[in-house]
Amino acid sequence: MITPQTITNSHILVDTDVFSYLMKEDTRGEFFKQFLHHKSAAISFVTVAELYFWAYKKSWGTSRITELENKIKMYVVLPYDYSLCQRWAGIKNDCEAKGFTIHQHDCWIAAAALKYDCALATNNYDHFCHVQNLTLISPGPTMFK
């Protein structure tokens, strides 16, 4: 069982789903709050894109998008670079070689977590559990389904 005491990473990368739970004060975010206490919280550039897509798709107005942007500013946004692209390719290759599918965006998020030495807070355990050396903060494969 994972606990806040077992996480040695000083940085936590927050997956898009967890960011959303925390932003909306959804009860599903409660599990993750204990892990973020006294840690540096980050999100991937992919999460920023996914959040804007959701806002546009749902036709959010200016004030709601401004609220989203203010929440994003509370996190370190991890950028891409060539070494992140190499990590992405390695993860994608490793997963496919083992017969597992990892979606493009999840692969970027996993690559960022590994490159920047972050534990990954996600409710999508099944999306990431096959990524080698990735520390997952997740209630597990059956929670919140």
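The values are calculated or read from the model by the stated rules, or taken from the named source; none is laboratory data. No experiment lies behind these values; they were computed from the predicted model shown. Note: ideal-geometry Cβ built from the backbone for every residue, glycine included; neighbour counts use all protein chains shown.
Quick check on the range 78-97. Is at least one of its residues at pLDDT below 95, among the aromatic types (Phe, Trp, Tyr) and either surrounded by 11 or more Cβ atoms within 10 Å (Cβ to Cβ) or outside any loop (DSSP other than H, G, I, E, B) (or both)?
Yes: the range 78-97 contains one or more residues that are at pLDDT below 95, among the aromatic types (Phe, Trp, Tyr) and either surrounded by 11 or more Cβ atoms within 10 Å (Cβ to Cβ) or outside any loop (DSSP other than H, G, I, E, B) (or both).
Among the candidates Leu68, Leu51, Leu36, single out the residue that is surrounded by 11 or more Cβ atoms within 10 Å (Cβ to Cβ) and under 21 Å from Ile2 (Cβ atoms). Steps first, please.
Numbers: Leu68 fails: under 21 Å from Ile2 (Cβ atoms); Leu51 fails: under 21 Å from Ile2 (Cβ atoms).
Of the residues listed, the single one that is surrounded by 11 or more Cβ atoms within 10 Å (Cβ to Cβ) and under 21 Å from Ile2 (Cβ atoms) is Leu36.
Please pick out the residue among Ser20, Ser10 that is over 10 Å from the mean Cα position of the chain (by Cα) and farther than 20 Å from Glu69 by Cα.
Ser10
Please pick out the residue among Lys115, Lys92 that is free of Cβ contacts under 8 Å to residues at least 60 places away in the same chain and touching a Cys at 6+ places or on another chain (Cβ under 6 Å).
On inspection, the qualifying residue turns out to be Lys92.
So which residues in the range 98-127 are out of contact with any His (no Cβ under 6 Å at 6 or more places or on another chain) and in a loop (DSSP other than H, G, I, E, B), if there are any at all?
Lys98, Gly99, Thr101, Ile102, His103, Tyr116, Asp117, Thr122, Asn123, Asn124
Contact list please: Cβ distance under 9 Å, first residue in the range 52-65 and more than 17 Å from Phe19 (Cα to Cα), second residue part of a loop (DSSP other than H, G, I, E, B) and at pLDDT below 95, pairs at least six apart or on different chains.
none
Kindly provide the set of residues from the range 70-100 that are out of contact with any helix residue (DSSP H, G or I) (no Cβ under 9 Å at 6 or more places or on another chain) and within 19 Å of Phe19 (Cα to Cα), ordered by number.
Asn70, Lys73, Met74, Val76
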